[in-house]
Amino acid sequence: MTASAFDDRQLRSDGSLRHLLSLEGLPRAALERLLDAAQALRPAALGGTALRRRLAGRSVCNLFFEASTRTRSAFHFAATRLGADVLSFDVSTSSAGKGETPVDTLRTLEAMGVDCFVVRAREDGAVAALAAAAKPQTALINAGDGRHQHPTQGLLDMLTLRQAKGDDFSRLTALIIGDVRHSRVARSDIAALRTLGCRDIRICGPASLLPDALELQGCTVGHDFDAMLDGVDALMMLRLQRERMVEGLVPSLEQYFVDYGLDEHRLARARPDAVVLHPGPMNRGVEIADTVADGSQSLILAQVSNGVAVRMAVMLELLER
Ligand code: NCD
């Protein structure tokens, strides 16, 4: 079954979320409900004990088959600040190394009473496949699967945009730059921007790093960064994902920065109040200059803070009954 066919299983018949696997096909009402909840949770998200009873007695397991700093830490803090028991399972030192399949790992931990799995996987559709194998009451959250989706990143990006630019996405011009082909973040962002009504989504990168035109329907696609900056409200940078790339897709990192790097000169061609997002980890000097990453228009650390609130909102929707 394809990844997208699995994604239909994430909603219950009453419209509430059973899993969070993809932003593709997630109704606008569900998206906005999660964003509103995250916004309300923000003051408590960064510390304190006020919300410790909300998920007391529930168990969350972080199951990361790929590296992560921000996503894994944000899920950990979100769950602990809601009072859940958290197992941050280190796959590299687990029985996965002895040949255990991910489904057997999931069932083993389910048998210990895990209510929710936060899963990052190398293969597209792998989290949906685990969701299909899980018990009916177990919730799965996709923390990034291959190139497919990274729904909580998409949500935190939308929350950050909404805080900076207001909630009328139909007035927003968003430009996504770089390695879109290998990016699950870009796929989740594009899906969310479309659902929220953004009419001007621009996609820019070298032809070798853009996906099939079919995936970018309705977006303005181009290869000349300077020519696409006029009127842009939000620049959404992406990392060059060399771990998912065959060799030779970019001539050199130096040339990539010349063609697609965001420096202060380029940023000055966007709207004066334009904001800059990057999901991290950044390759400074490859896709983004220090002056922009650390500059006054950068929302990169606001994204990180919003990441905790968004993951709290998602876990509450999935687990609080
Ligand atoms: C992203 C990821 O892993 O998909 N990072 C993140 O979760 N913040 C983006 C990336 O790796 O480039």
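Miscellaneous remarks
- Sites matching trypsin sites (Lys or Arg not before Pro) across the stretch 139-207 that sit in DSSP coil, with at most 14 neighbouring C-beta atoms within 10 Å: ARG199
- Each DSSP beta bridge with both residues in the stretch 64-156 is either parallel or antiparallel, and the antiparallel ones are about 10%.
- When each full DSSP H helix of the chain is screened for a Cα extent of at least 15 Å along its own axis and an average Kyte-Doolittle hydropathy of at least -1.0, the helices passing are 28-45, 70-81, 151-165, 184-195, 300-319.
- In terms of its C-alpha gyration tensor, the stretch 151-304 comes out rounded, because the ratio a/c of the largest to the smallest axis stays below 1.5.
- In order along the stretch 199-213, phi translates into HN-Hα couplings of 9, 10, 9, 10, 10, 9, x, x, 3, 5, 10, 10, x, 4, 4 Hz, rounded to whole numbers, per the Karplus curve 6.51 cos²θ - 1.76 cosθ + 1.60 with θ = phi - 60° and x for Gly and Pro.
- Cα gyration tensor, the chain - rounded (a/c under 1.5), prolate or oblate: prolate
- Taking the number of Cβ atoms within 10 Å of each Cβ as an exposure proxy, the fewest-first ranking of SER95, SER59 is SER95, SER59.
- Part-to-part distance (alpha-carbon centres) for the stretch 178-232 and the stretch 70-112, which is given in Å: 33 Å
- Once exposed loop GluC sites (Glu not before Pro) are cut out (DSSP; at most 11 other Cβ, 10 Å), longest piece of the chain: 1-246
- Per-residue Cβ neighbour rank within 10 angstrom, fewest leading, LEU11, LEU46: LEU46, LEU11
- ³J(HN,Hα), Karplus 6.51/-1.76/1.60, whole Hz, each residue of the stretch 220-231, x for Gly, Pro: 8, 10, x, 10, 9, 4, 4, 6, 9, 8, 4, x
- Listed by Cβ neighbour count within 10 Å, with the fewest neighbours leading, ASP36, ASP90 appear as ASP90, ASP36.
- Residue list for the stretch 184-202, given a label point 7 angstrom along the Cα-to-Cβ vector of ASP230 and an amide N cut-off under 13 Å: none
- Percent of beta bridges antiparallel (DSSP, the stretch 1-139, rounded to nearest 5): 10 percent
Every number here is computed from the coordinates shown, using simple stated rules; none is lab data. Fair warning: this is a prediction, and the values are worked out from it, not measured in the lab. Positions of Cβ are backbone-derived with ideal geometry, glycine not excepted, and every protein chain shown enters the neighbour counts.
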